[in-house]
Amino acid sequence: MSLMSHKLQAVHTSIQAAAAAVSRRPDSVALLAVSKTFGPEMVLEAIAAGQRAFGENYLQEALAKMAAVEQALQSTPGAGAGVLLEWHFIGPIQSNKTRAIAEHFDWVHTVDREKIAQRLSQQRPPQLAPLNICLQVNISGEASKSGMAPAEVLDVARAIAELPGLRLRGLMAIPEPTDDQQKQHAAFRQTRELLVQLQSALTQQRAGLQLDTLSMGMSADMVAAIEEGATIVRVGSAIFGQRERISKS
């Protein structure tokens, strides 16, 4: 077994234990491998070890990496057969980046205003499946952090749910870092309760709307997030190691 396989297995074991502790099915929590700043060779190692969903923060880096990974899979006999990858954009979104995001990604976790959602909707190629959208909520009210205030979420969600080419799936949150487990749980619980409110308000408004996603929890607070209902956890360093600094674009 490769080192990458061992690391992924260790993360999955932690996910399964956290889920079991609150009587959740292990498969109710998906692992998003955060591959930002790591090269395509690391992504290919993770693919070989069975990982299929990858999260990227920086658009230009991501596009080059995605192309390199696709080329490597196609050029290796048998390697790319049946491999279906999911690419998730999890970084801040500038208006001039929406077209490339809409054209190349399967998920966007960081929509924090209606204008960005409208651009993604207009620029999503019609031949592609709807773009899965999570609204980023600034659950801890940090001035330095992206995301909308909890009080704004319902109105924005109502508008986005009607946009063509998008599929509103739920919420994403990055609470203020803390080692206090009670505070970790409180922030994630508040995010889950906000999703429940959205489900109650919006599923009555629009039949068939799936609000089933809570993207929350990273290496340091993943257990608390899962115990409070996370359906996607975003893990990077535990899989790929320490990151190198790169130009953010």
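The values are calculated or read from the model by the stated rules, or taken from the named source; none is laboratory data. The structure displayed is predicted, hence computed values, not measured ones. All Cβ positions, glycine included, derive from the backbone under ideal geometry; neighbour counts span all protein chains shown. What goes into the accessible areas is simple: the full protein's heavy atoms, side chains included, and nothing from ligands, DNA or RNA. Shrake-Rupley method; radii C 1.70, N 1.55, O 1.52, S 1.80 Å.
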TODO: May I ask you to list, by number, the DSSP H helices of the chain whose Cα span along the axis is at least 30 Å and whose average Kyte-Doolittle hydropathy reaches -1.0 or more?
DONE: 181-205
- [ ] Whenever you get a sec, line up Met4, Met218 from highest to lowest accessible area (probe 1.4 Å, protein heavy atoms).
- [x] Met218, Met4
Open item on the list: Run the reach check for Lys7 against lysines, Cα to Cα strictly under 24 Å, same-chain hits fewer than 8 apart removed. What comes back?
Closed with: Lys36, Lys65
Open item on the list: 5 Å is the cut-off here: which amide hydrogens, built 1.01 Å from N in the peptide plane, fall below it relative to Gln136, excluding neighbours closer than 5 in sequence?
Closed with: Val111, Asp112, Met148, Met172
TODO: Search the structure for amide H atoms under 5 Å from the amide H of Val34, placed 1.01 Å from N in the peptide plane, and list their residues when 5 or more places away or on another chain.
DONE: Gly55, Val235, Gly236
TODO: Net charge near Pro125: determine it from the other residues with C-beta under 12 Å of the C-beta of Pro125, scoring Lys and Arg +1 and Asp and Glu -1.
DONE: +1
TODO: Output ³J(HN,Hα) for region 139-152: one whole-Hz value per residue in order, computed from phi by the Karplus curve 6.51 cos²θ - 1.76 cosθ + 1.60 with θ = phi - 60°, and x for Gly and Pro.
DONE: 5, 9, x, 7, 5, 8, 10, 6, x, 8, 5, x, 5, 8
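Could you tell me the calculated FRET efficiency between Thr178 and Ala151, based on Cβ-Cβ distance and R0 = 22 angstrom, to the nearest 0.05?
The value I calculate is 0.45.
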Open item on the list: I'd like the distance between the alpha-carbon centres of region 1-67 and region 83-130, rounded to an integer number of Å.
Closed with: 20
Task: 222 nm mean residue ellipticity, helices alone, for the chain (DSSP H n ≥ 4; -39,500 (n - 2.57); rounded to 500) - done: -13000 deg cm²/dmol
